[in-house]
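Only the coordinates and a few stated rules stand behind these numbers; no lab work does. Because the structure is predicted, anything quoted here is derived from the model rather than measured. A quick note on method: Cβ atoms are made from the backbone with ideal geometry, for glycine too, and the neighbour counts reach across all protein chains shown.
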Amino acid sequence: MIGSFLISIVSGAIHSGTPLLYATLAEAVGERAGIVNLGLEGVMLMGAVVGFTTTVQTGNPALGVLAGALAGGLFNMVFGFLVITRRANQLASGLALMFCGVGLSALVGASFIGSRIQGLNEIQIPFLSTIPFIGRAFFNYDILVYLVVPTAVLVWWVLFRTRWGLSLRAVGENPTAAFAAGKNPHRLQYQALFIAGILGGIAGAHLSLAIAKTWAEWMTAGRGFIAVALVIFSKWHPLRAIAGALLFGGAISLQLQMQARECRSRPFCSTCFLTF
Amino acid sequence: MGRVDKATAGIDLFRNKRVASLIRFSGLFGLALSVFAVVLLVFGKNPIRAYVDIFSATLGSSYGFSEVLVKMIPLALTALAVAIPSRIWLINVGGEGQLFIGALFATWGAINFTNLPAWLFLPWISILGFLGGGLWASISGFLRAKGWASETISTLLMNYVAILLVNFFVFGPWKDPESANYPQSIPFPDAAILPSFFGSRVHLGAVLAIVGLILFHFVLSRTRWGLEMRAIGINQEAARRNGISTYRYIIILMFIGGGMAGLAGMGEVSAIHGQLRPSLSPGLGYTGFLISWMAMGNPLGIVAAAFLISVITAGGDILQMTHRIPGAAVHILMALVLFVVLARRVGKVRGK
């Protein structure tokens, strides 16, 4: 009894934590380049709706994920144009981008409300998934769940172990100094925002293709903002973000599993304090 | 002679800063309108009919106009919540959470003191709403004044805590036993519902918003506090060395700002919904932030920007009803207006 309860909590945490982690990585890449993106919510919604409509029309969820990722990346370029080229206020631009994403995704998805899809299939890892308890809790997910931790490691490796990542962080810390060192801050920031958009798009696509398997207006329900909090919680570090996303995912899954509503606000409160 | 006068008057008119900015803004608004028209065309809708319907239904009828005013009330208040702390460069992104806590406090007062007469009830829940939003914001203010946390981040994060708190109460202890499935509090007693004017839904919150805007303008331009606030805004260190307590100003301005958002929440929960619901606010706090930003914290500008945004959001309801376009689609138009303003205002704010 307790065992199966724990397993549903753990698998729920992994499921709900996955889009959070993709979104957190997206925000982290942007913030490392010195750009706070409050519009991640809109980017995720665009990824969700484009991923979903593509899947409905082609019947191929893999194509849906690709389209969602691309849509997120392109949509984030609008934000890039505002804050990089036009040097607009980041917070206001981000919120405007969020509203734009909410509206545009509602318009795109309007005729797809109620459509059902197969969605991303669970891939059972041979042998491992048959282990009692653990198999169900850890080896029975869709492809995006398996890929999320490697993605986090990849983001960490790119940011901290490559020349490009070093330049990006330099731009984030001090664009003028980076410029003097021969970097092109604008180009690096655009690249960072495009990658962030792709990750945000994947986060949204995972929501609509693997978790909900349907489309609803504003289905991200604030996960974009939670990602902003998670980035701070994880101190702008992709690997620490894994733990943070799991914790928040666990809170969401606990909320779904238990009627004890008090449990919900606690992790959120603690983030507030931990950020300081 | 007369003709020359007219011509120079025209030029003077154009040189007048306000008129020039009005003309420029109309141009930007036109640009946003045409981009949104293209978006509608792409989705196979008729943009001209959509616009005609939006504007005739919001500005063309007294009912539609009153609905625009109804939407303006919380937006003006949440914009004030941002504008007041922004005078000393505090960035309050927490209007949403402060609004929810204001509504929460007001609900507590309304459902626990059901016997109060109306003349006592209204100030009572107003004070509670103000206090709720204010205290919530002053937590961030305190952390900022102590230098422990950036108010931008803490206000943003506390939005979530606030919404979850409200959810906790409406799903848990305050859940209306009569409603089986909907998470909502019991309805407010009649005496606790803000009175409306002229048979429309425009409620007493409008008066609060107007008083707030006038007071804001008056305090800023006519009082010692306004002067000190400006001093802090221009150079915090210099102000501090001149004996102005920046510490106190940070907390107090956050408190008043949050209180404004709390009043918005009180107005929404009492006059519009009549009971506490988690769907209380479709991002009113964030919209207020954008309005204050568009208006650059100017009280008249807040009224103008709130009016514009309210026309657009009220138009969303019309589109949904008559054109089978999702109501949220007007968020695109709102965002486009902001995009053009954001992209246009280069170097003016940053000075770079």
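One table, with the values for the structure above:
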{"item": "In Hz, Karplus ³J(HN,Hα) per residue of the stretch A:169-175 (6.51, -1.76, 1.60; θ = phi - 60°; x = Gly, Pro)", "result": "5, 4, 4, x, 6, 7, x"}
{"item": "Efficiency of FRET from Cβ geometry, residue A:123 and residue B:24, R₀ 56 Å, rounded to 0.05", "result": "0.50"}
{"item": "Summed side-chain charge close to residue B:331 - residues other than residue B:331 whose Cβ falls under 14 Å, Lys, Arg +1, Asp, Glu -1", "result": "-2"}
{"item": "Rounded FRET efficiency, nearest 0.05, which uses the C-beta distance separating residue B:179 from residue A:235 and R0 of 41 Å", "result": "0.45"}
{"item": "Förster radius 45 Å - calculated FRET efficiency between residue A:212 and residue B:55, Cβ distance, rounded to 0.05", "result": "0.80"}
{"item": "Whole-Hz ³J(HN,Hα) from phi, Karplus 6.51 cos²θ - 1.76 cosθ + 1.60, for the stretch A:222-235, glycine and proline x", "result": "x, 5, x, 6, 4, 4, 4, 5, 5, 4, 5, 4, 8, 6"}
{"item": "Built amide H within the under 5 Å cut-off of residue A:123, gap 5+", "result": "A:141, A:142, A:143"}
{"item": "Cross-link reach list, aspartates and glutamates versus residue B:71, counting only Cα pairs under 14 Å and skipping chain neighbours closer than eight places", "result": "B:268, B:317"}
{"item": "Calculated [θ] (222 nm, deg cm²/dmol) that DSSP helices of n ≥ 4 give over the protein assembly as shown, each run adding -39,500 (n - 2.57)", "result": "-24000 deg cm²/dmol"}
{"item": "Kyte-Doolittle mean at least -1.0, axial Cα span of 24 Å or more - DSSP H helices of chain B", "result": "B:17-42, B:62-86, B:95-112, B:118-145, B:151-171, B:205-222, B:246-267, B:299-323"}
{"item": "Electrostatic dipole magnitude of the protein assembly as shown [Cβ: Lys, Arg +1; Asp, Glu -1; Cα centre; debye, to 20]", "result": "1960"}
{"item": "Length gained when the stretch residue A:221-residue A:57 is fully extended (0.36 nm per residue, less Cα-Cα span)", "result": "56.5 nm"}
{"item": "Angle in degrees between helix A:2-32 and the longest Cα principal axis of chain A, rounded to the nearest 10", "result": "10"}
{"item": "Dipole moment magnitude, nearest 20 debye, chain B about Cα centre, only Lys, Arg, Asp, Glu C-beta charged", "result": "1520"}
